[in-house]
Amino acid sequence: MDCIFCAIINGEIPSSKVWEDEVCYSFLDINPQAKVHALVVPKEHIPSADAICEDNAAVVAHIFAVIPKIAEALGLSGGYRVVTNIGEDGCQSVKHLHFHILGGEKLSENMA
Ligand code: DGP
């Protein structure tokens, strides 16, 4: 499968790692949209949040249990935003489930 995030997880493409465990991998976004912008992805290839189901929901629960640890590692003591884009209308460019962690400054009140 030709997936850039699978290649990053496998170490075939270099990345600035923030966190790694048996279930997920977190790294800095190559095109930051806030002072601090990281991504966290499941190691399992799940195409988007629209593909979350009972069979893989534990992976997502794990990621959300880890996000506060990633935020702490990134120094996001003032708060942060977690975003996932889905499909064409959601402007998802990489078809491997990922959560954006944005912070390090006061973010826009606009969500869309
Ligand atoms: P989205 O538009 O929600 O699919 O976000 C995909 C993000 O992935 C986008 O913010 C840029 C980031 N990205 C794409 N390719 C790479 C890469 O090779 N390395 C890193 N670190 N980030 C990437």
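Scanning segment 83-104 finds no residues that are assigned to a loop (DSSP other than H, G, I, E, B), more than 16 Å from the ligand (Cβ to nearest atom), exposed (fewer than 15 other Cβ atoms within 10 Å of the Cβ) and in contact (Cβ under 8 Å) with a residue 12 or more places away in the chain.
Determine if segment 52-68 includes at least one residue that is closer than 22 Å to D2 by Cβ, touching a residue at least 24 places away in the same chain (Cβ under 8 Å) and in contact with a strand residue (DSSP E or B) (Cβ under 8 Å, 6 or more places away or on another chain). Looking for residues that are closer than 22 Å to D2 by Cβ, touching a residue at least 24 places away in the same chain (Cβ under 8 Å) and in contact with a strand residue (DSSP E or B) (Cβ under 8 Å, 6 or more places away or on another chain), one finds at least one in segment 52-68, hence yes.
In this structure, is V41 in contact with a Phe, Trp or Tyr (Cβ under 6 Å, 6 or more places away or on another chain), more than 19 Å from I9 (Cβ to Cβ) and surrounded by 13 or more Cβ atoms within 10 Å (Cβ to Cβ)? Against the criterion (in contact with a Phe, Trp or Tyr (Cβ under 6 Å, 6 or more places away or on another chain), more than 19 Å from I9 (Cβ to Cβ) and surrounded by 13 or more Cβ atoms within 10 Å (Cβ to Cβ)), V41 does not qualify.
The set of residues in segment 71-112 being aliphatic (A, V, I, L, M) and at pLDDT 95 or above consists of A71, A73, L74, L76, V82, V83, I86, V94, L97, I101, L102, L107. The residues listed here are I46, I4; of these, the one that is among the aliphatic types (A, V, I, L, M) and more than 13 Å from the chain's Cα centre (by Cα) is I4.
The values are calculated or read from the model by the stated rules, or taken from the named source; none is laboratory data. In this text the structure is predicted, and so the values were computed from the model without any measurement. Reconstructed Cβ throughout: ideal geometry from the backbone, glycine too, with neighbour counts over all protein chains shown.
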